Amino acid sequence: MSETLANLLQETRQFPPPAELAAAANVTAAAYDEAAADRLAFWARQAGRLDWSKEWDEILDWSNPPFAKWFVGGQLNVAYNCLDRHVAAGNGDRVAIHWEGEPGDNRTITYADLLAMTSQAANALTDLGVVAGDRIAIYLPMIPEAAVAMLACARIGATHSVVFGGFSADSLSNRIQDATAKVVITADGGYRRGKPSALKPTVDEAVSRCPSIEHVLVVRRTGQDVAWTDKDLWWHETVETASTEHTAEAFDAEHPLFILYTSGTTAKPKGILHTSGGYLTQVAYTHHAVFDLKPETDVYWCSADIGWVTGHSYIVYGPLANGATQLMYEGTPDTPHRGRFWELIQKHKVTILYTAPTLIRTMMKWGADIPDQYDLSSLRLLGSVGEPINPEAWMWYRENIGRGGCPVVDTWWQTETGAIMISPLPGVTAAKPGSAMRPLPGISADVVDDQAGSVPNGGGGFLVLREPWPSMLRTIWGDDERFVDTYWSRFEGLYFAGDGAKKDDDGDLWLLGRVDDVMLVSGHNISTTEVESALVSHPSVAESAVVGATDPTTGQAIVAFTIPRGSVDTSGEAGEALIAELREHVSKTLGPIAKPRQIMLVAELPKTRSGKIMRRLLRDVAENRSLGDVTTLQDSSVMDLISAGMRSSKSDED
């Protein structure tokens, strides 16, 4: 494996931390030594950042791997740690959330406000018969009530299952049924691309198939007409009339906090279970360390949706546990115009931005002249999450958004890991564009070959985790066997979730995406990520997605779908010349073996609503198969255009 996933891309640029940031950094290089000397003692110190009602008896019980128990015997309340303790410390007037609605409405919510709202929701849920251990489904747009609903569940010990507000009735009902949820919290709708987008009809259809649901709590957001059943209750009539007094009860460190469903290789989604003490310890610590958060002065913005793990860990639990002030935005980055993100950063003087490479590449495509119109001088730190970021997007982000002076922290983690695992530390690391760099203190990540041997520097293979970590998933809900089979069976005693990686000559880590996104071309394994990075390094390219298609000569051939930058002429001969130039550019950058058989110039790529490129659909097009399920696509018409273009293009083979 070390030969087959060799380091094709060479990246030599390095960016040390700004001296001023390094001098005042929350976490210094000493943390690595401290964690290496005694990993468990290190995590116990981080747990001490929280308020515990009862101290733990044992830091880690790993007597029955892979089933971990952290801070055994300890008791705490997650919502108390996110709210009450800040108010008790005299910070009730600090802004917790600056919320911006897509139509331009906004709300400013302090920690005291958020505590009162959460207490009301906790009382209302209790009045509806919800008790500790019950499951609650949450299907909401990006409104403050989404965070309130999650915190209220945590407060009373109910386990929440947040379902992204763009999923279908089938997806929602499957998740409700798997968790046997008792209540759904939803809204009439939300705003998306300038108009109301209904949610309640989807919930009605899903609930009709879910006998476990007793009540549906509905937030009035858009005011659109909704059908009403005897299970339905308005949030403003139920929650907002409840008492604002509520005493948080302590729960065991291993009490189930949430289930978050993620797609698997089978049709049945996997319910990833996270518990309370270890999870909150690691999300609070990593938010403090990776983003260098100064809660008195920073304004932090994670642009993820509440429905994804990033929204759980780095909008709700991590930032609020740390007393952060943050921005929360309901809508899309191009509504009502393409400068919306930068306008919000300018308005709220955002200092820390955490967003996805997909969005960064979209902004590149739109052009640097858009962010150039705004004052982004408040920014001091930039973060990237969701997939590997290619070096050119990393550089564009640093130069055009960070104005050349902000560290970029490229983070690797998963729904399953719960919190950031691999990332630069902004006050310590001389970052390399496109590299997640090193495991954080207290984390044991490695790259191994087929036999689970650690690969040498310069080699590639499978990314694994060697030791348990506090925020790790505890199981797949209701299916321990699938948990073991999915994550722990490939390599004995090691966690492996399907990502390929390489170590460069310095031992720094480069993520290559899913191992199933590695193409076997004439006996050489080539990562789609590396070919995409090579294409995007060309000045005419904004974004690219690469797939392997069956080829009679080479086994698999490389097919690239490429979005040109806005000003590039792609008509007629100019388009053909660009394609030829791009094929040569890849050949020169990575070697002739990686030259794409075919390059399609396209206006858009098929993406899920969370921004992930659906390469499965592109493989179907490249191999002339009929398209499979496209329900999770943000815009299904994209595939019609790509398919039509593919049929009309002739293969340009050497």
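Read-outs throughout are calculated quantities, based only on the coordinates presented, and are distinct from any laboratory measurement. Source: prediction; values computed, not measured. Note that each Cβ is placed from the backbone with ideal geometry, even for glycine, and that neighbours are counted across all protein chains shown.
Overview of results
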item	result
Cα gyration tensor shape of region 348-445, rounded if a/c is under 1.5, else prolate or oblate by comparing a/b with b/c	prolate
Among 454, 468, 420 - extreme Cα towards positive end, dipole of region 415-523, charges at beta-carbon	420
Additional length obtainable on full extension of the chain from residue 489 to residue 365, 0.36 nm per residue less Cα span	40.5 nm
Student exercise, region 15-74 dipole from Lys, Arg, Asp, Glu Cβ charges, in Debye to nearest 20	120
Sites residue 14 and residue 49 - FRET efficiency at Förster radius 30 Å, r taken between beta-carbons, to 0.05	0.45
MRE, 222 nm, helices only [DSSP H, n ≥ 4, -39500 (n - 2.57), over the chain, to nearest 500]	-8000 deg cm²/dmol
Residue 338-residue 58 FRET efficiency (beta carbon distance; Förster radius 45 Å; 0.05 resolution)	0.25
Rounded to whole Hz, the Karplus (6.51, -1.76, 1.60) HN-Hα couplings of region 76-85, x for glycine and proline	7, 10, 4, 5, 4, 5, 8, 10, 3, 5
Residue 105 versus residue 584: modelled label distance in nm, points set 7 Å from Cα along the beta carbon direction	5.7
Dipole in debye (nearest 20) - the chain, about Cα centre, beta carbon charges: Lys, Arg +1; Asp, Glu -1	520
Neighbourhood charge, 13 Å Cβ-Cβ cut-off, centred on residue 421 and excluding it, Lys, Arg +1 and Asp, Glu -1	-3
Cα centroid separation, region 225-286 to region 537-562 (Å)	41
Pairwise centroid distance, computed over Cα atoms, of region 465-525 with region 8-74, Å	21
Theoretical FRET efficiency, 1/(1+(r/R0)^6), r = Cβ-Cβ of residue 640 and residue 506, R0 35 Å, to 0.05	0.15
Average Cα contact separation per residue, the chain, under 8 Å, 6 or more apart, as relative contact order %	14
Distance violations [Cα-Cα > 31 Å] among 54/231; 231/270; 270/588; 503/612; 69/270	54/231; 270/588
Residues with amide H under 5 Å from that of residue 272, placed H, sequence gap 5 or more	260, 261, 262, 477
Contour excess over end-to-end distance, with Cα ends at residue 41 and residue 479 and 0.36 nm allotted per residue	154.5 nm
Packing-based exposure ordering (other Cβ within 10 Å, fewest first) of 80, 285	80, 285
Residue exposure sequence - 111, 314, 487 - by fewest surrounding Cβ within 10 Å	487, 111, 314
Label-point gap, in nm, between residue 91 and residue 625 - each point 7 angstrom along Cα→Cβ	5.1
Total formal charge among the other residues, if their Cβ is under 11 angstrom from that of residue 212, Lys/Arg +1 and Asp/Glu -1	0
Burial ranking of peptide ranges 492-498, 341-347 (average Cβ count within 10 Å, highest at the top)	341-347, 492-498
Placed amide H near residue 409: partners under 5 Å, 5+ positions off or other chain	382, 383, 384
Theoretical gain in end-to-end length, residue 231 to residue 128 [0.36 nm per residue, Cα-Cα removed]	36.0 nm
